[in-house]
Amino acid sequence: QVQLVESGGAWVQPGGSLRLSCSTSGSISGISLTAWYRQAPGKQREPVAAIGAGGSTSHVHSLKDRFTIFRDNDKNIVYLEMHNLEPEDTAVYYCNAYADGNNYWGQGTQVTVSS
């Protein structure tokens with residue numbers, strides 16, 4: 001079992017920045033991929049970025065200039081750094097981990113971008 005807890009969501013004005021955290025615990029040695037997804041109101045959940053066990057990363061092309069995924073291995077936390085936020089980035093952001101053939105999700109953290 002893997003437990004994921006997201007934090008860092010907040011209200012921010014357009015152009016602002018946020019850093020989201022995904023704290024991982026449990027059988028984390030089996031995690032092969034950790035990813036951030038988001039779900040805007042009325043829309044399907046969509047991928048944002050992912051990081052592999054070896055540290056390789058991938059980002060959705062339209063977001064890669066503003067969003068960065070990275071990990072602190074000592075703290076077992078995966079971060080999503082977001083800059084120049086736009087109202088279209090408003091969504092619940094979820095952490096996802098794939099471990100030992102299973103998919104795990106956190107509860108999500110709300111990001112609201114508005115003036």
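The values are calculated or read from the model by the stated rules, or taken from the named source; none is laboratory data. Just so it is clear, the structure is predicted and the values come from calculations on it, not from any experiment. Cβ atoms come from the backbone with ideal geometry, glycine included; neighbour counts cover every protein chain shown. Surface accessibility is based on the protein's heavy atoms, side chains included, excluding ligands, DNA and RNA. Shrake-Rupley method; radii C 1.70, N 1.55, O 1.52, S 1.80 Å.
What the table below lists for this structure:
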quantity: Flag for GLY8 being small (Gly, Ala, Ser) and more than 12 Å from the chain's Cα centre (by Cα); calculated: no
quantity: Whichever residue in segment 47-63 is over 16 Å from MET82 (Cα atoms) and not polar (S, T, N, Q) and, among such residues, is surrounded by the fewest Cβ atoms within 10 Å (Cβ to Cβ); calculated: GLY54
quantity: Residues (over 21 Å from VAL111 (Cα atoms) and β-branched (Val, Ile, Thr)) located in segment 52-76; calculated: THR57
quantity: Failed criterion for GLN44 (all others in (1) out of contact with any strand residue (DSSP E or B) (no Cβ under 8 Å at 6 or more places or on another chain); (2) of a type outside the set (Val, Ile, Thr); (3) closer than 17 Å to THR109 by Cβ hold); calculated: (3)
quantity: Residues of segment 21-46 that turn out to be open to solvent by 50 Å² or more (accessible area, probe 1.4 Å) and assigned to a loop (DSSP other than H, G, I, E, B), as a count; calculated: 6
quantity: Hey, ILE51 of a type in the set (Val, Ile, Thr), at pLDDT below 95 and out of contact with any Cys (no Cβ under 9 Å at 6 or more places or on another chain) or not; calculated: no
quantity: Subset tally (residues that are part of a strand (DSSP E or B) and open to solvent by 80 Å² or more (accessible area, probe 1.4 Å)) for segment 6-20; calculated: 2
quantity: Selection from segment 17-30 of residues that are in contact with a strand residue (DSSP E or B) (Cβ under 7 Å, 6 or more places away or on another chain) and either over 12 Å from ALA99 (Cα atoms) or not aliphatic (A, V, I, L, M) (or both); calculated: SER17, LEU18, ARG19, LEU20, SER21, CYS22, SER23, THR24, SER25, GLY26, SER27, GLY30
